[in-house]
Amino acid sequence: MEIEILRGSLLEVQTDTIVNPANSYGYMGGGVAGVIRKVGGEVIEREATSKAPIPVGDAVLTSAGNLPFKGVIHAPTMEEPAMATTPEKVLLATKAALELADSQGFKSVAFPGMGTGVGRLPKEVAAEVMLRVIKDFKPKNLRKIILVDLDEDMVNSWKDKFQEVFGR
């Protein structure tokens with residue numbers, strides 16, 4: 001499995017699907033979710049809320065609206081909009097998103113920092129949790145995971161923790 005770490009916009013990467021660190025209601029008000037809704041269209045939020053409540057540890061797939069992806073995976077890192085999250089919730093959300101992407105036959109998936117914006121989880125904590133989940137994941141279809149964020153500290157946290165988690 002190829003893992004790529006990039007500084008940039010989640011909405012501009014070449015990938016089959018992207019992950020939205022969601023809330024259980026599917027509301028897309030702030031952070032990454034708000035940007036996905038603004039650029040991709042209200043249809044994405046309407047589909048997500050129609051599938052709510054989405055428990056932390058589950059994920060749902062919606063269309064990508066105006067975005068160039070095959071879909072958007074909504075993986076809740078929190079129950080309520082804008083509530084603080086925990087390492088355990090980020091672990092569950094990351095795992096659920098990977099499992100859904102793989103089960104849908106996607107070859108690639110892109111993640112932003114999970115729970116690091118409105119969820120207020122320290123970036124280095126989120127980076128380590130996400131990378132450990134990725135290391136333990138055994139895909140059938142997924143071939144590439146892209147970790148991408150506009151925040152340079154998030155990108156550096158992934159790079160720093162990559163050495164620790166993967167030993168390379």
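The values are calculated or read from the model by the stated rules, or taken from the named source; none is laboratory data. Source: prediction; values computed, not measured. So basically every Cβ, Gly included, is an ideal-geometry build from the backbone, and we count neighbours across all protein chains shown.
Any chance the range 29-42 includes a residue that's modelled with pLDDT under 95 and surrounded by fewer than 16 Cβ atoms within 10 Å (Cβ to Cβ)?
Taking every residue of the range 29-42 in turn, at least one turns out to be modelled with pLDDT under 95 and surrounded by fewer than 16 Cβ atoms within 10 Å (Cβ to Cβ).
If the requirement is being without any contact (Cβ under 8 Å) to a residue 12 or more places away in the chain and touching a strand residue (DSSP E or B) at 6+ places or on another chain (Cβ under 9 Å), which of these qualifies: 7, 46?
Of 7, 46, the one residue that is without any contact (Cβ under 8 Å) to a residue 12 or more places away in the chain and touching a strand residue (DSSP E or B) at 6+ places or on another chain (Cβ under 9 Å) is 46.
If you go through the range 1-28 one residue at a time, how many are under 15 Å from residue 81 (Cα atoms) and buried (at least 22 other Cβ atoms within 10 Å of the Cβ)?
6
Against the conditions (1) over 14 Å from the mean Cα position of the chain (by Cα); (2) at pLDDT 95 or above, where does residue 133 fall short? Just the number, please.
So the condition that residue 133 fails would be (1).
When the residues of the range 50-61 are narrowed to those that are closer than 23 Å to residue 91 by Cβ and out of contact with any Phe, Trp or Tyr (no Cβ under 9 Å at 6 or more places or on another chain), which ends up surrounded by the most Cβ atoms within 10 Å (Cβ to Cβ)?
59
Among the residues of the range 120-145, which ones are surrounded by fewer than 20 Cβ atoms within 10 Å (Cβ to Cβ) and not in a helix (DSSP H, G or I)?
Hits for the range 120-145 are 120, 122, 137, 138, 139, 140, 141, 143, 144.
Only one residue in 84, 96, 75, 101 is at negative phi, of a type in the set (Gly, Ala, Ser) and touching a residue at least 60 places away in the same chain (Cβ under 8 Å). Which one?
Among 84, 96, 75, 101, only 101 is at negative phi, of a type in the set (Gly, Ala, Ser) and touching a residue at least 60 places away in the same chain (Cβ under 8 Å).
For the range 146-164, give me each residue that is assigned to a helix (DSSP H, G or I) and either crowded, with 19+ Cβ neighbours inside 10 Å or within 14 Å of the chain's Cα centre (by Cα) (or both).
Listed by number, the residues that qualify are 154, 155, 157, 158, 161, 162.
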